Each structure stands twice: as C-alpha cells, then as structure tokens.
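The values are calculated or read from the model by the stated rules, or taken from the named source; none is laboratory data. Given the structure is predicted, the values throughout are model-derived calculations rather than measurements. Methodologically, a virtual Cβ is constructed for each residue, glycine included, from the backbone with ideal geometry; neighbour enumeration extends over all protein chains shown.
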C-alpha cells in the first residue's frame, strides 16, 4: 500500500507515455508565438495592401484565437500550482485524508490486480499505461518507475 500510494499515486502526473511528454504548457506557448507572428505579418501586409478589409478581419480572428490560447495557458498554469506535491501532506490517519486519497486513486488508476502468491500486482492507469508484475514488497521510487517508461512496449512496463 505504502509504495503504491506514496510513490505512484502522488507522482502520477509525471507518469505519462514518452510520446505524450510534450507539455501542454509548451504546446500552448508555441501556439501563442505562432499566432503573434501571423498577426505581425498581417499588420505588415495591411500597411501595403490596397484591400485592407479582408486582412483586418483575418487579424481580428487571429487575435480572438490568441486571447483564447492565452486564457487557456493561464488556466493551465494556475492549475499546476496545486499539483500532486500537495498530496504528500495528506494525513492518511484521518478520515478526510483517506477519502481524499481514495478520490485521487479513482481518478488515477483504472484497476489494480493483486497476485498474493507472487506478491506483485498489475497496475492499470487511466492514461493507458500498465505496470505488470509491480512488486508489493520492494520499494520502487517514483523516479525509478518514471525511468522505466523508456522501456515501455505497447503501453506496458514489466518489473
């Protein structure tokens, strides 16, 4: 229990498929830069073009898209402040702490199948990753589990 809760559950935001490692913040930041460049190019074209109505309309549309992307980026960054690091402070001896931990587990794990004979379990994450034969009696740090992601085959990692 301890290993799964303290190492995997509280670090689950870091356990992502390698191909999905591109951060959402980075994607939005790149989109914002691209939109700003398009707007700047259209402003330059606006100064020399004889027909400015179509260009001005395109600038308005790009500006709306730029504002939406900026709001999305701010929202993502504000959500990132209250990340899983806050869960290390959960008091698992209290009822509220256990309920909060259970809620987080329901959002993180699809299912966990325990093999008591081998003292291992198969952990199915909501993001599609599966940890096969994850040891119950050996402490595997979150960093070790994250490092194992590069050896993932078809969404599965064998321990």
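Observations, loosely collected:
Listed here are the residues, each with its yes/no results for (1) surrounded by 14 or more Cβ atoms within 10 Å (Cβ to Cβ); (2) under 30 Å from residue 4 (Cα atoms); (3) at pLDDT 85 or above; (4) in contact with a strand residue (DSSP E or B) (Cβ under 8 Å, 6 or more places away or on another chain).
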| position | (1), (2), (3), (4) |
| --- | --- |
| 58 | yes, no, yes, no |
| 77 | no, yes, no, no |
| 91 | no, yes, no, no |
| 121 | yes, yes, yes, yes |
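- Check on residue 123, touching a residue at least 60 places away in the same chain (Cβ under 8 Å) and not in a helix (DSSP H, G or I): yes
- Number of residues in segment 127-154 that are at pLDDT 85 or above and within 16 Å of the chain's Cα centre (by Cα): the value is 1.
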